[in-house]
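> Structure in structure tokens, see below.
The values are calculated or read from the model by the stated rules, or taken from the named source; none is laboratory data. Since the structure is predicted, the reported quantities are computational estimates derived from the model, not experimental observations. As a convention, Cβ positions derive from the backbone with ideal geometry for all residues, glycine included, and neighbour counts pool all protein chains shown. Quick note on the areas: whole protein, heavy atoms, side chains included, nothing else; ligands and nucleic acids left out. Shrake-Rupley method; radii C 1.70, N 1.55, O 1.52, S 1.80 Å.
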Amino acid sequence: YFAREGLFRIYGVDSRVCYLGVDTVRFRPLRGDREPFLLSVGSVAYIKGYRFLIKALGRLPPDQRMPLVIAANSSRLAERQLIEELAREEGVDLSVRCVMDDEKLVALYNRASAFVYTPIMEPLGLAVLEAMACGAPVVAVREGGLRETVLSGHTGLLVDRDVEAFASALSRMLTNKSHAEKMGRTAVEIAHSLWRWDQTCDRLESQLEVIL
């Protein structure tokens with residue numbers, strides 16, 4: 001609906017919403033314990049909001065400041081150099097990895113203590129849905145399409161774009177493991193009940209039937 005509103009505001013075009021989905025057969029919970037690192041996914045570009053994320057992580061107490069892994073399918077050199085320098089200034093252990101294989105991505109979603117996501121006005125956020133399908137608790141910014149994919153307090157936490165507020169929410173997540181695990185389980189249920197690819201196909205067919 002965020003994208004629909006944008007289309008109307010910019011182009012004056014009304015449209016119908018047909019949500020995308022996630023492959024819940026591939027993106028799934030795996031056996032094994034979660035490890036002490038945070039995960040974010042997406043190209044290394046300004047619009048993905050990593051500058052804000054690193055600053056927020058820098059506000060965490062040192063004993064809660066887990067390493068941050070960014071799984072990127074592409075990287076802009078200038079932006080990568082900038083966030084690496086910012087991470088050094090903020091005392092954040094940052095690792096940027098080129099991940100093009102879905103199974104490696106599934107493994108990261110399953111191993112991370114939490115999935116952190118701070119893109120600027122993201123239209124939907126498929127990475128969030130992938131993380132939810134893998135049972136990863138989510139902490140994300142309350143804007144764009146993320147307000148439609150993350151059920152705050154149930155599958156993760158949505159926070160305004162404020163470094164102190166984001167750090168506080170993440171701290172609560174990391175220090176209350178039982179609640180984080182419960183949100184992860186709920187996230188899997190929601191992903192399977194609302195966001196499967198076969199449901200996307202059904203939604204698309206129903207819209208085409210209306211048009212035709």
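> Only one residue in Leu38, Leu86, Leu60 is open to solvent by less than 80 Å² (accessible area, probe 1.4 Å), touching a helix residue (DSSP H, G or I) at 6+ places or on another chain (Cβ under 7 Å), outside any helix (DSSP H, G or I) and touching a residue at least 24 places away in the same chain (Cβ under 8 Å). Which one?
Leu60
> Please state which one of Thr175, Thr186 is farther than 16 Å from Leu126 by Cβ, touching a residue at least 60 places away in the same chain (Cβ under 8 Å) and of a type in the set (Val, Ile, Thr).
Thr175
> For region 88-105, check the following and say yes or no: at least one residue is closer than 30 Å to Ser178 by Cα, among the hydroxyl-bearing types (Ser, Thr, Tyr) and touching an Asp or Glu at 6+ places or on another chain (Cβ under 9 Å).
Looking for residues that are closer than 30 Å to Ser178 by Cα, among the hydroxyl-bearing types (Ser, Thr, Tyr) and touching an Asp or Glu at 6+ places or on another chain (Cβ under 9 Å), one finds none in region 88-105, hence no.
For every residue, the table says whether it meets (1) farther than 24 Å from Gly32 by Cα; (2) in contact with a Pro (Cβ under 6 Å, 6 or more places away or on another chain); (3) open to solvent by less than 70 Å² (accessible area, probe 1.4 Å).
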| site | (1), (2), (3) |
| --- | --- |
| Leu94 | no, no, yes |
| Ala112 | no, no, yes |
| Ala133 | no, no, yes |
| Ala136 | no, no, yes |
| Thr149 | yes, no, yes |
| Gly153 | yes, no, yes |
| Gly156 | no, yes, yes |
| Ala169 | yes, no, yes |
| His179 | no, no, no |
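> Checking the structure you have, find out if any residue of region 66-74 is out of contact with any helix residue (DSSP H, G or I) (no Cβ under 6 Å at 6 or more places or on another chain), farther than 20 Å from Met121 by Cα, assigned to a loop (DSSP other than H, G, I, E, B) and not polar (S, T, N, Q).
Yes.
> Still on this structure, I have one more. Return the total of residues in region 1-35 being aromatic (Phe, Trp, Tyr), more than 19 Å from Ala114 (Cα to Cα) and part of a loop (DSSP other than H, G, I, E, B).
Qualifying residue count, region 1-35: 2.
> Does Glu209 qualify as being in contact (Cβ under 8 Å) with a residue 60 or more places away in the chain, open to solvent by 80 Å² or more (accessible area, probe 1.4 Å), farther than 16 Å from Gly21 by Cα and over 18 Å from the mean Cα position of the chain (by Cα)?
no
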